[in-house]
Structure formats: C-alpha cells, structure tokens
Amino acid sequence: MVETAIMLPILLILIAGIVEIGALGNEYMIFHDAAREAARFGANLDPELTSQYPFDAHNPDDPFPDVRSMSPTQLQRMCQEGDTTNFYYEVACLAYQNIPLGRLDWAVNQDDIVITVVGVRNGQIVQRWPLPAHKHPFDRDYHFKGADDGDANPTCTITQTVNCRSWSLFGVRHSEFDNDTLTQRLREEAPATAFVIVEIFHAVPHFTGLFTIGEIIPNPIPTRPYAIFPVSAAEPK
C-alpha cells in the first residue's frame, strides 16, 4: 500500500505528460499540414498578377470585407463561396479551410496566417513581397505588414522583424523570417528563384492544464508551423 501511494502520483503525472505532449504534437501537425497545403497551392499561382483582386467579387458593395469582424463560420463560408483570384486571400483561405473550425483565435491568442514571397538571385534577396503596388486601394491596411523601403526590403533584419514585409490575414502578426536568416540558407551559385512562405501562428492550450510553469511552460504554448515552396512565377527576371 505504501509503495502504491508513492508510485501512483508519479505514474499519473507521467501519463498526463505523455497525453499533453501527444496533444501538442497532434495540434502542431494539423497546423503544419495546413501551412504546407497552402504553400503548395501558392506555388502554382502568380502573386503579382493576382495580388490586387478583391476577396469577394460577388459582393460589389464590400469586395474587401473586414475578416476581423467575421465569425469563424462566416470566414470559412467566405473562403468557400467567395469569388477571388487574389494570391494572398487564396493562399490564406486554403490554410484556413484546413484548420479545424474555431481553432484559430486572433482576438485572444493573436493567432494568424502570414504569407511572404521572396525573390532570390545570386544568393541574395532582391524582392520581398507584397510590394506596396500589390495593395488594392480599397483593401484593408492591416493585412500589409513591414516597411516600404525598396524591393529588397533591406531593413528587414533579425533585430527588426517588424520591418519584414508580409501579408497577414488578421493583421496581428508579421513574418519572423528576416532577410539575414533566409540569406544564410541560400547558395550564391544557385539559379534565380522565388519562394512562398506560409507561417501559421497558433497558441495551443494545454490539454490537461497540469504543467503550466510561468514562462517556462506557458499556457497556451505558442507555436509557428511553417512551409516554404518554390514559386516560379515570382522568379526575378
């Protein structure tokens, strides 16, 4: 009996820990798969030619609706039924539709879907999109993040990621891929190419709630699954 009394709490904590890690891993994989599917889809599109199209051409009174004011069901329906060829909305919508309804909470947890397109030549970034010219005059300003400092976005550094140009579905996050970090992964001898990067910021709540330890193990746990795919239409000419 004494041994059972000693070992049972330890065993229960161990089981709860396994359940917690499994739930976190499952949630991460769901969102990673959504990012990957969206990036793969974006790889077949032309971000420059489609970037100014409205979110919903079916609605001439409000072709660029405020997604922040929509419920998850309304946004999902808009993504499914809206008429758009806008690169950023299409990619973001595909990611959103692959996420279980209601799991992305921008208002409380600052969850978001962020899209960036990067053009590379000789191992250096020569374009980082969306460019200011890609914004439709009637589109919502909060989607467009970063600095208007030239095509290559040179002020997008590891200490100033807020300057990194990207497109944000809810406007609460910006890309955490700064130019220096991306350049370190490039080879100078590689041919000119371009990439679409889809990042999904998601705070995962604890499944059991037993392991919150301040900033060491916060509740919810912030995650950022992402996917990178080549997009030939954006290759620097």
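What follows is calculated from the coordinates using simple rules that are stated; it is not laboratory data. None of these values were measured; they are calculated from a predicted model. When we count neighbours, we look across all protein chains shown, and the Cβ atoms used for this are built from the backbone with ideal geometry, even at glycine.
So, how do all the Cα-to-Cα distances of the range 22-72 break down into 10 Å bins, in percent, from 0 on up?
Calculated over all Cα pairs of the range 22-72, the distribution is 20, 28, 37, 14, 2 percent.
Under a point spin-label approximation (7 Å from Cα along Cα-to-Cβ), what is the ASN26-ASN59 distance to one decimal in nm?
It is 3.4 nm.
I need the Debye-formula profile for the chain: one equal scatterer per C-alpha, no solvent, reported as log10 I(q)/I(0) at q = 0.07, 0.08, 0.13 1/Å, two decimals.
One equal scatterer on each Cα of the chain leads to -0.27, -0.35, -0.80.
Given H placed 1.01 Å from N in the peptide plane, which residues other than close sequence neighbours of PHE170 have an amide H under 5 Å from its amide H?
ILE113
Would you kindly state how much longer the chain becomes between ILE15 and ASN219 on full extension, computed as 0.36 nm times their sequence separation minus their alpha carbon distance, in nm to one decimal? List each step's numbers first, then the result.
Details: separation 204, 0.36 × 204 = 73.44 nm, distance 1.88 nm.
Extending this stretch completely gives an extra 71.6 nm.
Please provide three numbers in whole Å: the alpha-carbon extents of the range 42-166 along the principal axes, with the largest listed first.
Principal extents (Cα only, largest first): 43, 31, 25 Å.
State, to one decimal in nm, how far the label point of SER232 lies from the label point of ASN122, with both points 7 Å from Cα in the Cβ direction.
Spacing of the two 7 Å Cα→Cβ label points: 2.5 nm.
Can you tell me how much longer the chain between ASP33 and ASP149 gets when fully stretched, taken as 0.36 nm per residue apart minus their C-alpha distance, in nm with one decimal?
Additional length available on full extension: 38.5 nm.
Can you work out the FRET efficiency for the pair THR157 and ALA133, with r the C-beta to C-beta distance and R0 = 22 Å, to the nearest 0.05?
With R0 = 22 Å, the Cβ-Cβ based efficiency is 0.40.
With an 8 Å Cα cut-off and a minimum separation of 6 or more residues, compute the relative contact order for the range 2-234 in percent.
Working: 450 pairs, mean separation 58.0, N = 233.
Once normalised by length, the contact order is 25 percent.
Taking amide hydrogens as modeled 1.01 Å from N in the peptide plane, which residues meet the under 5 Å criterion relative to ILE221, leaving out close sequence neighbours?
VAL204, HIS206
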